[in-house]
Amino acid sequence: EAALAGREESLETPGHNTWLFSATMSNEVRKVADRYLNSPRMVQVNRTEMLSGTVEQIYYKTRESDKPEILCKLIDIADEFYGLIFCQTKNLVIDLTTFLKERGYSVDCLHGDMDQNARERVMRAFRERRVTILVCTDVACRGLDVKDLTHVINYSIPRELDNYVHRIGRTGRSGKEGLALSLVTPTHQGLIS
C-alpha cells in the first residue's frame, strides 16, 4: 500500500536510493523511515482500488446471539466450503472452534498465542484440506497464502479498513471468484460504510 523512498548521498554509493515498503504506515514504521531515510516521499495505493473485483461482498444484519446458528447455515448452504472465519479475539476464536467441532464440522483455529509448531500443523492440515474451516484472528489475514479459498467470513467486523481488505483478499485470488460474508450487529452497522 505504501512505500517511502529517500535519497542518500554518500562517497561509497553516489546516487544510492533506499526504499521501504510496508502494507501499513504505522507509527513504528514511520519512526524507522524517519531514522534511516533522508527526505522520504510516500506513495500510497488508492484505497478504492484495493478491493478485488473477483470477490463478492455480502453482509447480514444479525444479533450477536444469533451469529453461531447463522454461521452454520452459511457453511451448510455452500456447495463446498473451504474458507476462513475471522474473529476479533483469541477467546472468541477458541469458543467458536469448539462450537463448530461439536457440530461436526472439519475445523481448526489459528491465533497469535499459538507456537510455530502448532501453527504449521494447523496450516498443513488446512492446505491438505483435512480441515476445511479455519477460525482465526487477524494473525491470518496477512501473509497467509492458501489457494482456492471459496469463502471468507467476518464473524466479527474489523475496525480498520486495511484489516478488512487483507481479510477478504484471502479469497478471489488468481482471477478466481470468492465470497466475503460479514455478520453485522446493530452496534457495528456504522463500520459497513
Which numbered condition in (1) at pLDDT below 85; (2) of a type outside the set (Asp, Glu); (3) in contact with a Lys or Arg (Cβ under 6 Å, 6 or more places away or on another chain) is the only one that residue 41 fails? (3)
Run down 99, 81, 86 and say which single residue is under 23 Å from residue 67 (Cα atoms) and within 12 Å of the chain's Cα centre (by Cα). 86
Cβ-Cβ below 7 Å, separation at least six or inter-chain, first residue in the range 174-193 and in contact (Cβ under 8 Å) with a residue 12 or more places away in the chain, second of a type in the set (Lys, Arg): which pairs? 183/67; 184/61; 185/63; 191/159
Can we say residue 117 is modelled with pLDDT under 95 and either buried (at least 21 other Cβ atoms within 10 Å of the Cβ) or under 13 Å from the mean Cα position of the chain (by Cα) (or both)? no
On the given criteria, is residue 75 modelled with pLDDT of 95 or more, surrounded by 16 or more Cβ atoms within 10 Å (Cβ to Cβ) and within 16 Å of the chain's Cα centre (by Cα)? no
Of (1) open to solvent by less than 20 Å² (accessible area, probe 1.4 Å); (2) modelled with pLDDT of 95 or more; (3) within 25 Å of residue 165 (Cα to Cα), residue 100 satisfies all except one. Which? (3)
Of the conditions (1) closer than 19 Å to residue 58 by Cβ; (2) in contact with a helix residue (DSSP H, G or I) (Cβ under 8 Å, 6 or more places away or on another chain), residue 105 satisfies every one except a single condition; which number is it? (1)
So how many residues does the range 130-185 have that are farther than 23 Å from residue 67 by Cα and either modelled with pLDDT under 90 or surrounded by 22 or more Cβ atoms within 10 Å (Cβ to Cβ) (or both)? 14
In this structure, does residue 127 turn out to be at pLDDT below 95 and open to solvent by 30 Å² or more (accessible area, probe 1.4 Å)? yes
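The values are calculated or read from the model by the stated rules, or taken from the named source; none is laboratory data. Predicted, not measured: the structure shown is a model, and the values here were computed from it. Cβ coordinates were reconstructed from backbone atoms using ideal geometry, including for glycine residues, and neighbour counts include every protein chain displayed. Accessible surface is based on the protein model in full, side chains and every heavy atom, while ligands, DNA and RNA are left aside. Shrake-Rupley method; radii C 1.70, N 1.55, O 1.52, S 1.80 Å.
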